[in-house]
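K.L.:
This is the structure, below, for whatever I ask next.
The values are calculated or read from the model by the stated rules, or taken from the named source; none is laboratory data. Fair warning: this is a prediction, and the values are worked out from it, not measured in the lab. Counting neighbours? That spans all protein chains shown, and the Cβs are built from the backbone with ideal geometry, glycine included.
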Amino acid sequence: RQQRFALWLISAGTFSALSIWFSASAVLAPLSEKWGISKTEGSFLTSMVNIGFVIGCILLTVTGWADQLKPQVLIVTGTTGGAVSNLALLLVSDLAGGLCARLFVGIFMALVYPPGVKLLSTWFPPQQRGFATGFMFGAFCLGSAFPQLLNGLVAGHSWKLV
């Protein structure tokens, strides 16, 4: 019972993390207009998340935090930091600020996804790990698609809702 709750919680965190990962690409058109940037410059907003994620993973490895800190602490820190970094897009006024915010989204996402996989591998016995991992990856895929869906649902309203 506790394992199922943990699986739902980790999957919800993964869904949320992936939702903010791709949120800028879902609202690229209005952001490009607001900041006066090209589509190419706008595409860097998504690329910066990927770069930040790699930096975050390297930091987890080099510092030893992945093994020294509880995964739960890393996940809560990552989801909170990622959300705050993503909200910064509402406050910045240009591409440079947006790129910085998106870089930090990626760094914080490295505190969510790898520790989540680690938790699943320790909380579930070998015969249940496939199910647990598959469930989490389902949340991963749904989260990556959610900003696009949300963008379609709020069409005609402010991009800030996404």
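K.L.:
Please determine whether any residue of the range 82-90 is in contact with a Phe, Trp or Tyr (Cβ under 7 Å, 6 or more places away or on another chain), buried (at least 17 other Cβ atoms within 10 Å of the Cβ) and within 12 Å of Ile20 (Cβ to Cβ).
P.N.:
From the range 82-90, those in contact with a Phe, Trp or Tyr (Cβ under 7 Å, 6 or more places away or on another chain) are 82, 85; that's our starting set.
With buried (at least 17 other Cβ atoms within 10 Å of the Cβ) added as a condition, the list becomes 82, 85.
From what's left, within 12 Å of Ile20 (Cβ to Cβ): 82, 85.
For the range 82-90, residues in contact with a Phe, Trp or Tyr (Cβ under 7 Å, 6 or more places away or on another chain), buried (at least 17 other Cβ atoms within 10 Å of the Cβ) and within 12 Å of Ile20 (Cβ to Cβ): present.
K.L.:
Cβ-Cβ under 8 Å, sequence separation 6+ or interchain: first residue in the range 47-58 and surrounded by 14 or more Cβ atoms within 10 Å (Cβ to Cβ), partner in a helix (DSSP H, G or I) and charged (D, E, K, R). Which pairs?
P.N.:
Between residues of the range 47-58 that are surrounded by 14 or more Cβ atoms within 10 Å (Cβ to Cβ) and residues that are in a helix (DSSP H, G or I) and charged (D, E, K, R), the close pairs are Met48/Arg102; Val49/Arg102; Gly52/Arg102.
K.L.:
Please go through (1) part of a helix (DSSP H, G or I); (2) in contact (Cβ under 8 Å) with a residue 12 or more places away in the chain; (3) of a type outside the set (Ser, Thr, Tyr) for Leu111 and return the number of the only condition it doesn't satisfy.
P.N.:
Status for Leu111: all satisfied but (1).
K.L.:
Okay, next question. Residues to consider are Gly152, Gly98; find the one that is modelled with pLDDT of 90 or more and in a helix (DSSP H, G or I). Spell out the reasoning first.
P.N.:
Numbers: Gly152 fails: modelled with pLDDT of 90 or more.
Sole residue among the options that is modelled with pLDDT of 90 or more and in a helix (DSSP H, G or I): Gly98.
K.L.:
Please identify the pairs in which a residue from the range 1-15 that is outside the structural domain of Phe131 (by TED's automatic domain parsing) has its Cβ atom under 7 Å from the Cβ atom of a residue that is in a loop (DSSP other than H, G, I, E, B) and surrounded by fewer than 21 Cβ atoms within 10 Å (Cβ to Cβ), counting only partners at least 6 apart or on another chain.
P.N.:
Gln3/Phe124
K.L.:
Still on this structure, please answer the following. Out of the helices (runs of 4 or more DSSP H) lying entirely within the range 1-81, which hold 2 or more residues that are closer than 19 Å to Gln148 by Cβ?
P.N.:
Working: elements: 2-21, 23-26, 28-35, 39-63, 65-68.
Counting at least 2 such residues, we get 2-21, 23-26, 28-35, 39-63.
K.L.:
Go through the range 94-127 and count every residue that is within 26 Å of Arg4 (Cβ to Cβ) and of a type in the set (Lys, Arg).
P.N.:
Here the count works out to 1.
K.L.:
All but one of (1) under 30 Å from Phe5 (Cα atoms); (2) in the same structural domain as Thr46 (by TED's automatic domain parsing); (3) over 16 Å from the mean Cα position of the chain (by Cα); (4) touching a residue at least 40 places away in the same chain (Cβ under 8 Å) hold for Gln68; which doesn't?
P.N.:
For Gln68, the exception is condition (4).
K.L.:
Applying the selection to the range 113-131, what residues are of a type in the set (A, V, I, L, M, F, W, C) and at pLDDT 90 or above?
P.N.:
Step one: of the range 113-131, the residues of a type in the set (A, V, I, L, M, F, W, C) are 117, 119-120, 123-124, 131.
Hit for the range 113-131 is Phe131, nothing else.
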